[in-house]
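Note sheet for the following structure.
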Amino acid sequence: MLDIEPVIGRARIAEELGRLEEARRILGEALVAAPNEPRLLQRLADIVYQLERFDDALRYAGMAITANPRSVDAHLTAALAYDARRDHRNAVRHARIAVALDGDGRGLLTLARLLVNAPATDETRAEARSLLERAVEQTPGHVPTLAHAAETYRRLRDRPAVERLIAAGLAVDPTNAGLLRMQARMEFESSEFGGRGRAVATLRGLLGSRPGDRTARLLLAEILWRALLRLVAWAWFYAAAVAVLSMWFGPSVLRFMTPVLFWIIPVAWFRVFRRLRPQLPPGYLWARVRRPAAVLGLVVTVVASLIMDLGAVALRSSTLVTGGYLLLIIGVLGAAVAHLLLMLAWLRRRGDEDDRDAAYEYAFDGLGLALGLGLVLTGLLAALRHWSREPAAFWAFAAICCVAGATMLVEMLIIGLLDWGDWVRPVAHVVTLAVVLGLVVLGFRWSAGHLIADLGDDPAVAARRYPPPELPRLFALPPTGG
């Protein structure tokens with residue numbers, strides 16, 4: 001009869017060394033001699049799940065459950081594999097069975113995470129919080145439990161709870177990699193001034209002790225690429241602000257305000273290349289900026305910013321208004337090309353590092369800002385444009401918002417198509433993005449068409465925008481009798 005314990009021990013050692021394929025081979029060979037052994041089936045299900053072979057993980061977990069319906073670990077592995085396949089109903093069902101069989105911290109944490117991953121309601125969020133509290137109370141001071149609970153609270157957007165659990169865990173184990181990664185993420189997402197610098201410092205300390213920490217390296221790369229892409233975002237903001245100012249104010253105000261606004265762009269460059277660079281590991285910034293797409297993107301950003309500034313200078317003149325708005329739009333389109341180039345540089349694979357999910361999240365947030373805030377401001381300006389000094393500026397602003405939104409949509413489509421083989425982005429999702437992109441492009445054409453018409457030389461348009469003054473009517477005196 002096969003002795004199971006030595007086999008499981010050798011497989012666990014191989015797993016701890018990162019040799020998952022070797023662990024799978026050890027367990028697979030043992031299954032030939034004991035095909036119905038539930039512990040072997042469960043361990044093999046867990047290994048192939050880590051190898052992201054989710055169908056195999058479900059098959060082995062199902063065999064383990066058939067052999068031993070009370071196997072908590074098999075139910076938990078099945079729950080995680082179903083969740084990876086986006087089958088949230090079965091994932092939650094197996095997690096609930098595991099908690100019913102043995103309500104220890106593992107089952108509670110897994111069920112809480114799955115409830116948050118599934119389409120959440122107020123009821124499921126409240127249940128997830130209750131499960132997390134039970135798990136932490138069961139094992140007070142247990143660092144892995146605190147780390148898992150903190151990550152789920154982060155998905156619940158409960159920042160105070162996350163910070164409390166991170167502090168409690170680091171008080172027990174100041175070098176815990178999971179907690180340090182989460183602390184860096186929280187610092188980076190903080191709205192406080194200097195949060196990005198503290199995040200970089202935390203990550204550098206973590207990478208100093210664990211140079212191969214892939215998650216820490218990816219988060220550091222995300223901080224860098226977000227900072228570079230923000231340079232383009234500031235250029236878009238400058239163009240939009242100039243358009244709004246020109247809608248209400250004359251050349252005298254623009255001569256003062258546009259140089260003040262333009263200083264935002266060089267200050268942003270200073271913050272990236274003079275303040276962020278010393279915080280990063282030596283050579284880290286230049287090693288990534290030297291990519292051809294990144295270099296070209298930065299050069300195009302500079303040129304686009306200068307074109308926008310020329311447009312602002314033209315708007316300060318009473319005779320070059322048409323050229324000013326056209327230069328603004330050309331600069332905005334150039335900035336869109338620069339944004340795409342920097343995003344492609346971010347998406348470039350470096351060895352086994354691929355951070356597409358973080359890039360997709362950035363593009364999604366940018367799309368929400370460009371279209372959400374853009375629609376609100378566009379609606380407000382549309383209601384007021386007939387009382388403005390230069391109604392054509394409204395169409396320039398609308399076109400700028402459309403360009404920014406279309407850029408984010410194109411980037412989301414690119415990331416979705418790159419993940420097409422893994423079905424990470426469902427077909428319906430990609431089709432929806434394509435439809436919205438088409439609507440945004442039509443919005444740009446509509447806005448640009450109205451801008452050109454409003455600034456054209458058509459006498460009818462000019463008469464509508466600048467109607468001739470109405471002369472007072474003169475009434476003849478009534479004839480006198482004679």
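The values are calculated or read from the model by the stated rules, or taken from the named source; none is laboratory data. The structure presented is a predicted model; accordingly, all values stated were derived computationally and were not measured. Here the Cβ positions follow ideal geometry from the backbone for every residue, glycine too, while neighbour counts run over all protein chains shown. Just the protein is used for accessible areas: all its heavy atoms, side chains included, with ligands, DNA and RNA removed. Shrake-Rupley method; radii C 1.70, N 1.55, O 1.52, S 1.80 Å.
Would you work out the charge dipole size for the chain about its Cα centre, treating the Cβ of every Lys and Arg as +1 and the Cβ of every Asp and Glu as -1, and quote it to the nearest 20 debye? Walk me through the intermediate numbers first.
Numbers: 55 positive and 47 negative charges, 249 e Å.
Dipole size: approximately 1200 debye.
Given a 1.4 Å probe and every protein chain left where it sits, what share in percent of the accessible area of the chain is carbon and sulfur?
Details: 15440 of 24870 Å².
Reported share for carbon and sulfur atoms: 62 percent.
Work out, step by step, the length gained on full extension between residue 269 and residue 429: first 0.36 nm times the residue separation, then minus their alpha carbon distance; give nm to one decimal. Each step should come with its number before you reach the end.
Values: separation 160, 0.36 × 160 = 57.60 nm, distance 3.52 nm.
Length difference between fully extended and current span is 54.1 nm.
Students often check this: by mean Cβ neighbours within 10 Å, which of 160-172, 215-227 ranks highest, and how do the rest follow?
On the way: 160-172: 17.4, 215-227: 19.5.
Per-residue Cβ counts within 10 Å, averaged per peptide and sorted highest first, yield 215-227, 160-172.
Taking a ≥ b ≥ c as the square roots of the eigenvalues of the Cα gyration tensor of the range 216-328, is the shape rounded (a/c under 1.5), prolate (a/b larger than b/c) or oblate? Before the final figure, lay out each step's value.
On the way: a/c = 3.29, a/b = 2.50, b/c = 1.31.
Prolate, since a/c reaches 1.5 and a/b exceeds b/c.
Using a 10 Å cut-off on Cβ atoms, rank the peptides 83-92, 383-392 from the highest mean neighbour count down.
On the way: 83-92: 16.3, 383-392: 14.2.
The packing order, highest mean first, is 83-92, 383-392.
Scanning the chain for helices, which whole DSSP H stretches are 30 Å or more long along the axis (Cα) and average -1.0 or more by Kyte-Doolittle?
Details: long enough: 214-248 (51 Å, 1.16); 292-315 (34 Å, 2.18); 321-347 (39 Å, 2.12); 392-418 (40 Å, 2.16); 427-454 (40 Å, 1.60).
Once both thresholds are applied, what remains is 214-248, 292-315, 321-347, 392-418, 427-454.
Roughly speaking, what is the stretch gain from residue 155 to residue 445, that is 0.36 nm per residue apart minus the C-alpha to C-alpha distance, in nm to one decimal?
Working: separation 290, 0.36 × 290 = 104.40 nm, distance 3.90 nm.
That pair, residue 155 and residue 445, stretches by 100.5 nm at full extension.
Could you do me a favour and compute the accessible area per residue for the chain, 1.4 Å probe, result in Å²? Working shown, then result.
Working: 24870 Å² over 482 residues.
Computed with neighbouring chains in place, this is 52 Å² per residue.
How big is the Rg/Rh ratio for the chain, C-alpha atoms only, Rh by Kirkwood, two decimals? Don't jump to the answer; show the numbers that get you there.
Numbers: Rg = 30.0 Å, Rh = 26.6 Å.
Result for the chain is an Rg/Rh of 1.13.
Just the projected area, averaged over all directions, of the convex hull on the alpha carbon atoms of the range 141-257: how many nm²? Before the final figure, lay out the partial values.
Details: hull surface 38.6 nm².
For the range 141-257, averaging the hull's shadow over all directions gives 9.7 nm².
Need one value: the accessible area of residue 143 in square angstrom, 1.4 angstrom probe, rounded to the nearest 10.
Surface open to solvent at residue 143 totals about 10 Å².
For a protection proxy built on the mean count of beta-carbon atoms within 10 angstrom, sort 260-270, 288-298 highest first, please.
Sorting 260-270, 288-298 by mean packing, highest first, produces 288-298, 260-270.
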